[in-house]
Amino acid sequence: MDHSIQAAELFLSGCNCAQAVLVAFCDVTGLEPEFAKKISSGFGGGVGRLREVCGAVSGMVMAADLLYGYTEPGEDDVHKKEYYALVQQLCKAFQAENGSYICREILDNPPTDPTPCPRTAEYYAQRPCARMVMSAARILDDYIKEHPVQQ
């Protein structure tokens, strides 16, 4: 499955950027789509429209967490270090492709109030967000292809 196309379709149907990426990976993470939408709902707009880390990147990291993350508190520092290195690798790949992983830098606008913009044709024409969710999903897809998930 091409998760990048699915992520773009989800974004264009009204999901926020984080939801679009995380939900696109439900087939491999095992999450129910409605649950994935709920747990990622606050990450849109760079975390609640604060314009911090791009929601597409947050969704990518959440999906990676489910596939490769660790679960034990106090788990050995070697595994934690390896996993954090993976997260940094994914984020740096996104940054290399898109210039930044910070929402306000990608959108070139300052933080705004929490009111979402209406999803109109003009909104979609001005925003690069559909491209961002595609990029994040493709980057994670590429990583998964090279590093199959251990069941």
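Taking Val21 and the conditions (1) buried (at least 24 other Cβ atoms within 10 Å of the Cβ); (2) in a loop (DSSP other than H, G, I, E, B), which numbered condition does it fall short on, given that it satisfies the others? The number of the failed condition is (2).
Put simply, of Glu122, Glu72 the only residue that is exposed (fewer than 15 other Cβ atoms within 10 Å of the Cβ) and either in contact with a helix residue (DSSP H, G or I) (Cβ under 6 Å, 6 or more places away or on another chain) or more than 21 Å from Leu10 (Cα to Cα) (or both) is Glu72. Here Leu107 clears all of (1) crowded, with 19+ Cβ neighbours inside 10 Å; (2) of a type in the set (A, V, I, L, M); (3) out of contact with any Lys or Arg (no Cβ under 8 Å at 6 or more places or on another chain); (4) farther than 18 Å from Leu22 by Cα except the condition numbered (3).
Of the residues Leu140, Leu31, only one is of a type in the set (A, V, I, L, M, F, W, C), outside any helix (DSSP H, G or I) and under 15 Å from Ala7 (Cβ atoms); which?
Values: Leu140 fails: outside any helix (DSSP H, G or I).
After ruling out the rest, the residue left standing is Leu31.
For the stretch 38-48, does any single residue satisfy the condition of being polar (S, T, N, Q) and surrounded by 19 or more Cβ atoms within 10 Å (Cβ to Cβ)? Within the stretch 38-48 (the criterion being polar (S, T, N, Q) and surrounded by 19 or more Cβ atoms within 10 Å (Cβ to Cβ)), the answer is yes, since at least one residue qualifies.
Contact annotation: residue pairs with Cβ atoms under 9 Å, 6 or more positions apart or on different chains, pairing a residue in the stretch 89-114 that is without any contact (Cβ under 8 Å) to a residue 24 or more places away in the chain with a partner that is surrounded by 15 or more Cβ atoms within 10 Å (Cβ to Cβ) and in a strand (DSSP E or B), are Gln95/Ile102. For the stretch 1-17, taking the residues that are among the hydrophobic types (A, V, I, L, M, F, W, C) and surrounded by fewer than 24 Cβ atoms within 10 Å (Cβ to Cβ), the one that is nearest to Asp141 (Cα to Cα) is identified as Met1.
Read-outs: derived from the displayed coordinates by stated rules, not from any lab. Fair warning: this is a prediction, and the values are worked out from it, not measured in the lab. When we count neighbours, we look across all protein chains shown, and the Cβ atoms used for this are built from the backbone with ideal geometry, even at glycine.
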